[in-house]
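Please read through the structure below; I'll follow up with questions.
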Amino acid sequence: MIQSRKIYLAGPEVFLPNSLEVLNSMKAICAKYNFIGMSPFDSAINKSNTINRSSLELAEQIFVNNRKLIQASDYIVANCNSFRGPLVDDGTSWEIGYAYGLGKTIFGYINSKKPLVENVINRIETKFHVSGHPIDMDGFLVNENFGNSINLMLEFSLSSSGGELAEGNFENCILKVLEFDRKMHP
């Protein structure tokens, strides 16, 4: 019997009011294609011991346990849609970088692969700058315009890991993982 490979589900879904429902539906999609979906909520936090812990101690335990889930995964699938601004969630960004450093294959998904600079201009206030590039209200140029849809360090972490940034929803991305997995494990 072929052992199901594990996919770590990276993304801001943990912040949704119905996060367990959403993550469980994502896990069901993984199972449909013979993968085991692992969410950040799957970490082994001892709930009976959380009462006596400070918030920072609990946060550190979440960090340690989610890091272990990434280490135990075969693939990472990251929600690369904008979160609380024009960019990928910073926790998800860290998870992508960590997985890349471990040599994991990383896939991401995004609703639309429009250029990053366009996404930034549409989501935050900018003004004209003499350089010809828009500038944000903090004085930083909005000039990462190479055709990438997310920060170039993230986008190329995906592609150079063997994965890719897929346009569409989560299930479209899982199909890309399935295609890759079948090539790697015929």
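Which of Ile106, Ile121, Ile70 moves most in a GNM of the chain, Cα contacts under 10 Å?
Answer for the Gaussian network model of the chain: Ile121.
Sort all Cα-Cα distances of region 66-140 into consecutive 10 angstrom bins from zero, then give the percent of pairs in each bin up to the one containing the longest distance.
The calculated distribution, bin by bin, is 17, 38, 26, 15, 3.
OK, next. Pulled fully out, how much extra length does the chain show between Phe41 and Phe146, if you take 0.36 nm times their separation in residues and subtract their Cα-Cα distance? Could the numbers behind the result be given before it?
Numbers: separation 105, 0.36 × 105 = 37.80 nm, distance 3.57 nm.
Roughly 34.2 nm would be gained on extension.
If you don't mind, there's one more thing I want to ask. Grab the Cα-Cα distance for Trp94 and Ser160, subtract it from 0.36 nm times how many residues apart they are, and report the gain in nm with one decimal.
Details: separation 66, 0.36 × 66 = 23.76 nm, distance 1.64 nm.
Extra length from Trp94 to Ser160 when fully extended: 22.1 nm.
Next question, about the same structure. Give the order of Arg5, Arg67 when sorted by the count of other beta carbons within 10 angstrom, beginning with the fewest.
So the ranking, lowest neighbour count to highest, is Arg67, Arg5.
Sequence-distant or interchain residues sharing an amide H contact under 5 Å with Thr105, placed H: which?
Distant-sequence amide H within range of Thr105: Ile76.
Check which residues have an amide H placed less than 5 Å from Leu165's amide H, if you skip close sequence neighbours.
Result for Leu165 returns Gly108.
Expressed as a whole number of Å, what is the distance separating the alpha-carbon centroids of region 129-170 and region 65-92?
17
In addition: Which residue, Asn81, Asn151, Asn24, has the most motion in a Gaussian network model of the chain that connects Cα atoms within less than 10 Å?
It is Asn24.
Quick one: 3J(HN,Hα) in Hz for region 74-89, Karplus 6.51/-1.76/1.60 with θ = phi - 60°, rounded, Gly and Pro as x.
For region 74-89, the Karplus curve yields 8, 9, 10, 10, 10, 6, 9, 6, 4, 9, 6, x, x, 10, 5, 3 Hz.
How high is the FRET efficiency between Asn18 and Glu167 when r is their beta carbon distance and R₀ equals 25 Å, given to the nearest 0.05?
0.50
Run through the DSSP bridge list for region 37-186 and note the antiparallel percent, rounded to the nearest 5.
Details: 4 of 12 bridges.
Taking every DSSP beta bridge with both residues in region 37-186, the antiparallel ones total about 35 percent.
Given the Cα-Cα distance of Glu118 and Ala59 and 0.36 nm per residue of separation, how much length would full extension add, in nm?
Between Glu118 and Ala59, full extension yields 17.8 nm more.
Please work out the ratio of the alpha-carbon Rg of region 81-122 to 2.2 N^0.38 Å and round it to two decimals.
1.28
What's log10 of I(q)/I(0) for the chain at q = 0.16 Å⁻¹, Debye sum over Cα points only, no solvent?
So the normalised log intensities are -1.00.
Tell me, what is a quarter of the convex hull surface for the C-alpha atoms of region 101-186, in nm² with one decimal?
Its average projected convex-hull area is 6.9 nm².
Comparing Thr92, Thr105, Thr126, which has the greatest mean-square fluctuation in the GNM of the chain with Cα pairs linked when under 10 Å apart?
Maximum among the listed residues: Thr126.
All of the numbers you see were taken from the coordinates with simple rules; none came from a lab. From a predicted model like this one, the values you see are computed outputs, not experimental measurements. FYI the Cβ positions are ideal-geometry reconstructions off the backbone, even for glycines, and counts take in every protein chain you see.
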